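Structure, as structure tokens:
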Amino acid sequence: MADDPRDSPHRDAAEAYRTLLETSPDAMIITDLEGCITWVNAATAEIYGVEDPAWFIGRTAFEFLSPDDHGNARETMELATEEGHPIRLEYRITRPDGAVLHAAAHVALSRDGEGAPNGFVATVRDVTQQVAAAEQLRASREMLAQVLDSIPSRVFWKNRESVYLGCNRRFAGDAGLKAPEDIAGLTDFDLAFRDQATRYRADDREVVESGVPKLNYEEPQSQDRWLRTSKVPLKDPGGNIIGVLGTYDDITAEREAAQQIEHRNRDLVEANQELERLHQVKDEFVAMVSHELRTPLV
């Protein structure tokens, strides 16, 4: 009996589908409802460090998971079964050679021709490099935060609209916040020094629009507190100005000391002037007495 020509498109689609699965750079794994592997593609063997994909058949997917991830994997399978839609899962793979990889998987429930669940289909991607990069970035950010928090200066950065993006711990304390993380999204009008907000934002706008740093200028933060501030344009990798980076030191004690010295100097000048006046009076008195002594009595 000749083949039904209507079957040809189905065969072509099935063959294309199989080719797609076999050549995918991601691991493709099919299991039964108990997690026993029934099929894998070539990428699975490559990712898991196995030469022959047939080596997986009959083994359970749990054999390759870190023991700490078994519970999470079983919960994922249960959720996929109950909810009927794909579940994303991140876990660690322990390869036969002992290497540990980080993987991201999408697990979906598969069904037979009558719609009854008959297993799971998982797409697995090796994300070890991405996890390592993310960890390195996290460590770098923590180190930067430690550096910023250890210096005596206050440091902050804003976008072009003078909305805060970040700061160090000392600045957060001045702003009346519990932690640097609380600064994001706020403006100077939201902080403890809101009375100076208009002045601060005008300085920001000048630096952003001109692209010229404004360095080491003195300004008040409150009625009895003074700062020495510097602001420079904050740029993206392309050189575009995206905000302002600022730093300041509290110079209140320095100004008070300078004022005290100024007052002392003024007092010394006044004292010297008074001393000179007294010397002049003394000289005039001595001259007068000498004159009187030299004058004969009548």
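The values are calculated or read from the model by the stated rules, or taken from the named source; none is laboratory data. Since the model is a prediction, treat every value here as computed from it, not as a measurement. Positions of Cβ are generated from backbone atoms using ideal geometry, with glycine treated the same way; all protein chains shown enter the neighbour counts. Note: accessible area is taken over every heavy atom of the protein model, side chains too, but ligands, DNA and RNA are not part of it. Shrake-Rupley method; radii C 1.70, N 1.55, O 1.52, S 1.80 Å.
Just to verify a result, which residue in the stretch 190-218, among those that are in a helix (DSSP H, G or I) and of a type in the set (Gly, Ala, Ser), is surrounded by the most Cβ atoms within 10 Å (Cβ to Cβ)? Checked the stretch 190-218; the qualifying residue surrounded by the most Cβ atoms within 10 Å (Cβ to Cβ) is Ala197. Mind checking whether some residue in the stretch 127-150 is crowded, with 16+ Cβ neighbours inside 10 Å and of a type in the set (Gly, Ala, Ser)? For the stretch 127-150, residues crowded, with 16+ Cβ neighbours inside 10 Å and of a type in the set (Gly, Ala, Ser): absent.
Which of the residues spanning the stretch 141-157 are under 22 Å from Gly243 (Cα atoms), under 13 Å from the mean Cα position of the chain (by Cα) and without any contact (Cβ under 8 Å) to a residue 60 or more places away in the chain? Listed by number, the residues that qualify are Arg141, Leu144, Ala145, Leu148. Beta carbons closer than 8 Å, at least 6 apart along the sequence or on distinct chains, pair a first residue in the stretch 19-38 that is at positive phi with a second that is open to solvent by less than 70 Å² (accessible area, probe 1.4 Å) and hydroxyl-bearing (Ser, Thr, Tyr) for Gly35/Thr60.
Checked against the criteria, Pro96 does not count as touching a helix residue (DSSP H, G or I) at 6+ places or on another chain (Cβ under 9 Å) and either over 17 Å from Phe56 (Cβ atoms) or crowded, with 17+ Cβ neighbours inside 10 Å (or both). Scanning the stretch 13-55 for residues that are at pLDDT below 85, within 19 Å of Asp126 (Cβ to Cβ) and hydroxyl-bearing (Ser, Thr, Tyr) yields a total of 1. Each residue in the stretch 45-79 was checked for being touching a residue at least 40 places away in the same chain (Cβ under 8 Å), within 15 Å of Arg95 (Cβ to Cβ) and under 35 Å from the mean Cα position of the chain (by Cα), and 2 of them qualify.
Determine whether Arg88 is surrounded by 15 or more Cβ atoms within 10 Å (Cβ to Cβ) and not hydrophobic (A, V, I, L, M, F, W, C). No, not satisfied. The combined condition, being farther than 25 Å from Thr23 by Cβ and modelled with pLDDT under 90, is fulfilled by Glu78. In the stretch 47-54 there is no residue that is of a type in the set (Ser, Thr, Tyr) and assigned to a loop (DSSP other than H, G, I, E, B). Residues in the stretch 223-244 that are open to solvent by 50 Å² or more (accessible area, probe 1.4 Å) and in contact with a Ser or Thr (Cβ under 9 Å, 6 or more places away or on another chain) were compared, and the one that is modelled with the lowest pLDDT is Asp224. Restricting the first member to the stretch 206-226 and to residues that are farther than 15 Å from Arg154 by Cβ, and the second to residues that are open to solvent by 90 Å² or more (accessible area, probe 1.4 Å), the beta-carbon pairs closer than 6 Å and six or more apart or on different chains are Val208/Arg160.
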